Amino acid sequence: MHTYNEIPHLSQSTSVALGLFDGLHRGHQQVILKAVSHNKKMIPTVFSFDYDNPALISKPDFKALLSPTLKVRLLESLGVEQFVCPPFSSIKDMPARRFLEEILQTALQAKAVFCGYDYRFGKNAEGDTRMLEEFCASNGIYCEVLPALTEGGSPISSTRIRECIHSGRMEEAQTLLGYPYTIDFPVSEGRKLGRRLGFPTINQPYPQGNILPRFGVYASLAQIDGKSYMGVTNVGVKPTVGADNPPSAETYLIGYEGDLYGRQIPLSLIRFVRPEQKFASIEDLKGQIAKDTREVIRTLQNTVEKPPLFQFTDQ
């Protein structure tokens, strides 16, 4: 897949999915798959943007659901061949009509366009789906606006998914996303306390701007060199071993031995086990990790199947 971080000037006709696609949830997937399957003579393309300046984000409580690397992998899995994702600051002041003429029609060579029912574009979000449909109809471009996809009687939305993750409802988040909530932040060196306790861990600090799940212990799955490993993941600040620790995901990988420092390991949080807590002693912590490990093995062996749509791989 070709990824463009500025507006390209394409020479071949494209079938374009338009949207922020911040979580690539099932509703986003249906829009993208329409673009992918529409016409084999057109190159399936996604046009989005990257929030390069947090001060420009107008959405309340906006936190990233996906890392840039995972988003690229998921788009590739859906069959997207071109991903155009300029910085938001470079397009935010562009009038809606100019966006349609200069970017959609001329630069992207769009001959088919797909978006969700609530898609907006142009300066101050002045453009809407009606304006898009009228422009496409006048210029011979196929246009399809898709309705909201629902689950449990309510629309699937990134806001709804964020609420699930914030409260530790990972099974519900997976149902809405179509795949498990997953991170792939680089593995960094920690205190190596887990190794001394007999439970060596990998530490993946959460970058600022990313959604933080409910602090606590999770049953998790990690993808390493093409294999899946069950994990006991603590998301939080590790209050037993120190104060003012930055939030991170610290995972004991059951049955894995090796050095993963610096690698981006995909880690899927499958089920919430218990809240994070401060223990009276390191020995108490060690005993609880042993209990958590038994619970995770029981949970994952009995209930977890292969991720329903995507198989994450590390790099």
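Of all GluC sites (Glu not before Pro) in the range 122-221, which ones are in loop regions per DSSP and have a Cβ with at most 10 other Cβ atoms within 10 Å? Spell out each step's value before the answer.
Details: sites: GLU126, GLU133, GLU134, GLU144, GLU151, GLU163, GLU171, GLU172, GLU189; in loops: GLU126, GLU189.
Answer in residue order: GLU189.
This model, with +1 at the C-beta of Lys and Arg and -1 at the C-beta of Asp and Glu, gives the range 227-301 a dipole about its Cα centre of some 280 debye. For ARG271, the solvent-accessible surface with a 1.4 Å probe is about 80 Å², rounded to the nearest 10.
For the chain, the Cys residues with no second cysteine's beta carbon closer than 4.7 Å are CYS85, CYS115, CYS164.
Report, in debye and to the nearest 20, how large the dipole of the chain comes out about its Cα centre when Lys and Arg carry +1 and Asp and Glu carry -1 on their Cβ. Before the final figure, lay out the partial values.
Numbers: 34 positive and 34 negative charges, 119 e Å.
Charge dipole of the chain: 580 debye, to the nearest 20.
Residues TYR119, TYR142, sorted by accessible area with the largest first, give TYR142, TYR119 [1.4 Å probe; ligands and nucleic acids excluded].
For the pair LYS291 and HIS166, label points projected 7 Å from Cα toward Cβ lie 3.0 nm apart.
Hey, any idea what Rg/Rh is for the chain, computing Rh the Kirkwood way over Cα pairs?
On the way: Rg = 21.5 Å, Rh = 21.0 Å.
Checking Rg against Rh, the ratio lands at 1.02.
Accessible area of PHE49 (1.4 Å probe, protein heavy atoms only, ligands and nucleic acids ignored): about 40 Å². A 1.4 Å probe, protein heavy atoms only, puts the accessible area of VAL31 near 10 Å². Between the range 145-184 and the range 47-64, what's the alpha-carbon centroid distance in Å? A separation of 19 Å, based on Cα centres.
Tell me, Kirkwood radius of the range 1-139 from alpha-carbon pair distances, in Å?
Details: mean 1/r = 0.0661 Å⁻¹.
Evaluated on the range 1-139, it is 15.1 Å.
Rounded to the nearest 500, the 222 nm mean residue ellipticity of the chain from helices alone is -7500 deg cm²/dmol, with -39,500 (n - 2.57) taken per DSSP H run of at least 4 residues.
Arrange the residues ASP61, ASP52, ASP128, ASP225 by how much accessible surface each exposes, largest first, with a 1.4 angstrom probe. Please report the intermediate quantities before stating the final value.
Values: ASP61 135, ASP52 70, ASP128 50, ASP225 105 Å².
So the residues, ranked largest to smallest area, are ASP61, ASP225, ASP52, ASP128.
Taking every DSSP beta bridge that has both ends in the range 97-207, the antiparallel portion is near 45%. Taking each of LYS40/LYS63; LYS41/LYS227; LYS41/LYS123; LYS238/LYS291 in turn, the alpha-carbon distance tops 27 angstrom for LYS40/LYS63; LYS41/LYS227; LYS41/LYS123. By the Kirkwood approach, averaging reciprocal distances over each pair of separate Cα atoms, the range 99-236 gets a hydrodynamic radius of 18.9 Å. Figure note: LEU20, LEU177 ranked by solvent-accessible area, largest first, 1.4 Å probe, ligands and nucleic acids not counted: LEU20, LEU177.
Between the C-alpha center of the range 92-136 and that of the range 224-291 there is a gap of 45 Å. Mean sequence separation of contacting Cα pairs (under 8 Å, at least six apart), scaled by the length of the range 1-70, corresponds to a relative contact order of 36 percent.
The values are calculated or read from the model by the stated rules, or taken from the named source; none is laboratory data. As the structure is a computational prediction, the values presented were derived from the model and not from experiment. All Cβ positions, glycine included, derive from the backbone under ideal geometry; neighbour counts span all protein chains shown. The accessibility values were calculated without ligands, DNA or RNA, using every heavy atom of the protein model including side chains. Shrake-Rupley method; radii C 1.70, N 1.55, O 1.52, S 1.80 Å.
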